[in-house]
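A short worksheet on the structure shown next.
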Number of protein chains: 2
Amino acid sequence: MNNSLAEKLVSRSAGICLYGFAPPKQATPSERLEAIVAQQLVRLRSLPVDGLIVYDIQDEAERISAPRPFPFLPTLPPEVYAYEHLGSLEVPKIVYRCVNRDTPDGFVRWLDCENGGPRISVLVGAPSRHSQVGLRLTDAYALARQHSSNLLLGGIAIAERHGRTLDEHHRILAKTEKGCRFFVTQAVYDVTSTKSLLSDYALALDETGGVPLPIILTFSPCGSEKTLSFMKWLGIAFPRWLENDLQFARDPLAKSLELCERIFAEVRDYAGDKGIPLGVNVESVSIRKEEIEASMELLRLLRRRVER
Amino acid sequence: MNNSLAEKLVSRSAGICLYGFAPPKQATPSERLEAIVAQQLVRLRSLPVDGLIVYDIQDEAERISAPRPFPFLPTLPPEVYAYEHLGSLEVPKIVYRCVNRDTPDGFVRWLDCENGGPRISVLVGAPSRHSQVGLRLTDAYALARQHSSNLLLGGIAIAERHGRTLDEHHRILAKTEKGCRFFVTQAVYDVTSTKSLLSDYALALDETGGVPLPIILTFSPCGSEKTLSFMKWLGIAFPRWLENDLQFARDPLAKSLELCERIFAEVRDYAGDKGIPLGVNVESVSIRKEEIEASMELLRLLRRRVER
């Protein structure tokens, strides 16, 4: 049961369904933290998912000159939150790890504590070429192979980067070489760059005779100007018309769910034609109650579509 | 009957259906020209259209540094081809005029010969800011108002430009002020910039209380690498995935028709929500027989969708 996500990933199943979130802030007082955990356990227990993603949040201030719309506050380590605080949840967890803050020794220690069972992680590199790098992603993959052969690795795939440089499929293939078995995108509002990435990925596999790995598309409700500007700050692309439609919608949150559903249906049909197994990951970048609840509704909506 | 297109344009009808083409080359020997005209009369007579567009082809070499994939050869004047060679066709004609090659006097003479009846024209400005300009578009509109009040004027609208500068809707509104009653796009393969233009146009009209004018979307089959590269040279944007799908299709021409139909359906639904009357114009940028025939098939396919 606990292994089913790993099995689905390794067997390159389509239709994997995940829910993603960041751990609470490190500075959360312990009573408040207990309340958050209790509430999250209730919410997450009822979610029809194959697994949870626990993000590792970094500042990313080097990536972009615009000021961060929300302040950056360090969170609890995702593995601590996933395995300890949410330890009673049986559902498999995918733990993110930003390796550019690691030293080789620190990363190996993290790998050791990851050795407890058949665990799944996504390693994330530096947010920009200008970032200070402790451990390079390439070196982290090598250390993971060497020290933690049980760890099932995934990578991130950024369609927006592909829209600019048309080489994200090469990054996917290089990460595959280094051991990644699946890929997770950031929130998809730009259907064009997402289809373009899948297209170039499929063509590259045709050339090399490779098999397509699961691509997990992330979807995230956007119910306010503030959330929109934060998502844009995070590097999520919004086509002009879609941004207009969100901004002028009577109910932006409902509109964003409708748009996410349509985008997913379009990309699903496209990926299906190319033989790429698609999955979904739903998250809320906002901590507003109504946006979190909308993300859970979105998960149910997309789950229905993913199963078709 | 001959007026029905003008009436539809002025009453801002949705679903106007046009077919566009360039006149034969000026250097065509007269016997060959007769044969071309005879063949075109047969083809065009059977077309279920509200009107024909006869383009005015300019070199456009200043617009782009890349070499033109097909050589530029001057054509017969579009008004001569439309009203003389194709004079026996009762269907209304929209004659294009590139005014940057005009002098004020020359343009007024052209307007005079346009005074014969309730005629329709689209005035086109310089292909680039770096072009040598004889007559500015603004001055041409003023001369048209002064000398030819019967002339029904349309303008061009370039969604790709909107994708870059987000101001094409301002150009549409400015041209509307100067007398344009409808707009024709270049070939649409980029659904995103097209929807974005319509979105910003609708929002601007909401603000100013203006009424939406007919936007005629041009569609053009693309059945070969050469046609693709020519269309790209002309400034038509192809999303990466779509270009891949065309290039690797077993039957690129059929694929391009399928894509055009889907794009039209998506934009039609979007424009419908915004209350913008949409029409179609089908053309072939290629003179290959099979691409011309595909354009006529596309016209029939889109006509069916436009009437829904």
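Here are some notes:
- The range B:185-196: number of residues that are within 14 Å of chain A (Cβ to nearest Cβ), aliphatic (A, V, I, L, M) and open to solvent by less than 10 Å² (accessible area, probe 1.4 Å): 1
- Filter pass, A:I36 being without any contact (Cβ under 8 Å) to a residue 24 or more places away in the chain and either surrounded by 14 or more Cβ atoms within 10 Å (Cβ to Cβ) or of a type in the set (S, T, N, Q) (or both): yes
- Within the range B:54-92, the set of residues being among the hydrophobic types (A, V, I, L, M, F, W, C) and within 20 Å of B:L228 (Cα to Cα) comprises B:I57, B:A61, B:I64, B:A66, B:F70, B:F72, B:L73.
- Among (1) in contact (Cβ under 8 Å) with a residue 60 or more places away in the chain; (2) under 27 Å from B:A237 (Cα atoms), the one test that B:L152 misses: (2)
- Any hit, the range A:11-20, residues being open to solvent by 60 Å² or more (accessible area, probe 1.4 Å) and touching a residue at least 40 places away in the same chain (Cβ under 8 Å): yes
- Residue check for A:P23: farther than 24 Å from A:R161 by Cα, assigned to a loop (DSSP other than H, G, I, E, B) and at pLDDT below 95: no
- In the range A:93-109, of all residues being of a type outside the set (D, E, K, R) and under 20 Å from the mean Cα position of the chain (by Cα), the one that is farthest from A:E283 (Cα to Cα) corresponds to A:N100.
Okay, residues lined up against (1) within 12 Å of chain A (Cβ to nearest Cβ); (2) under 24 Å from A:D245 (Cα atoms):
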position	(1), (2)
B:R262	yes, yes
B:E266	yes, yes
B:A271	yes, yes
B:L278	no, yes
B:V285	no, no
B:E290	no, no
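- Some residue of the range B:272-280 being closer than 18 Å to B:K8 by Cβ, crowded, with 21+ Cβ neighbours inside 10 Å and of a type in the set (G, A, S): yes
- Identity of the residue in the range B:47-73, at pLDDT below 90 and small (G, A, S), that ends up surrounded by the most Cβ atoms within 10 Å (Cβ to Cβ): B:A61
- Top-ranked residue of the range B:129-150 - restricted to ones that are over 18 Å from B:A174 (Cα atoms) and part of a loop (DSSP other than H, G, I, E, B), ranked as most open to solvent (accessible area, probe 1.4 Å): B:Q132
- Residue ID - least open to solvent (accessible area, probe 1.4 Å), chosen from residues in the range B:204-260 that are within 14 Å of chain A (Cβ to nearest Cβ), among the basic types (K, R) and assigned to a helix (DSSP H, G or I): B:K255
- For the range A:138-161, the tally of residues that are within 14 Å of chain B (Cβ to nearest Cβ) and of a type in the set (A, V, I, L, M, F, W, C) stands at 1.
- Residue satisfying all of: in the range A:162-184; open to solvent by less than 40 Å² (accessible area, probe 1.4 Å) and assigned to a strand (DSSP E or B); nearest to the other protein chains (Cβ to nearest Cβ) among these: A:F183
- Residue within the range A:200-212 that is at pLDDT 95 or above and touching an Asp or Glu at 6+ places or on another chain (Cβ under 6 Å) present: no
- Listed by first and then second residue, the pairs linking a residue in the range A:283-308 that is outside any helix (DSSP H, G or I) to a residue that is β-branched (V, I, T), with Cβ atoms under 7 Å apart and 6 or more places separating them unless they lie on different chains, are A:E283/A:T218; A:S284/A:I292; A:V285/A:T227; A:S286/A:T227.
- Subset of the range A:206-239 (residues that are farther than 16 Å from A:E160 by Cβ and free of Cβ contacts under 8 Å to residues at least 12 places away in the same chain): A:D206, A:E207, A:G209
The values are calculated or read from the model by the stated rules, or taken from the named source; none is laboratory data. These figures come from a predicted structure and were not determined experimentally. Cβ sites come from the backbone with ideal geometry, for glycine too, and all protein chains shown count toward neighbours. We work out accessible area using only protein heavy atoms, side chains counted, and drop any ligands, DNA or RNA first. Shrake-Rupley method; radii C 1.70, N 1.55, O 1.52, S 1.80 Å.
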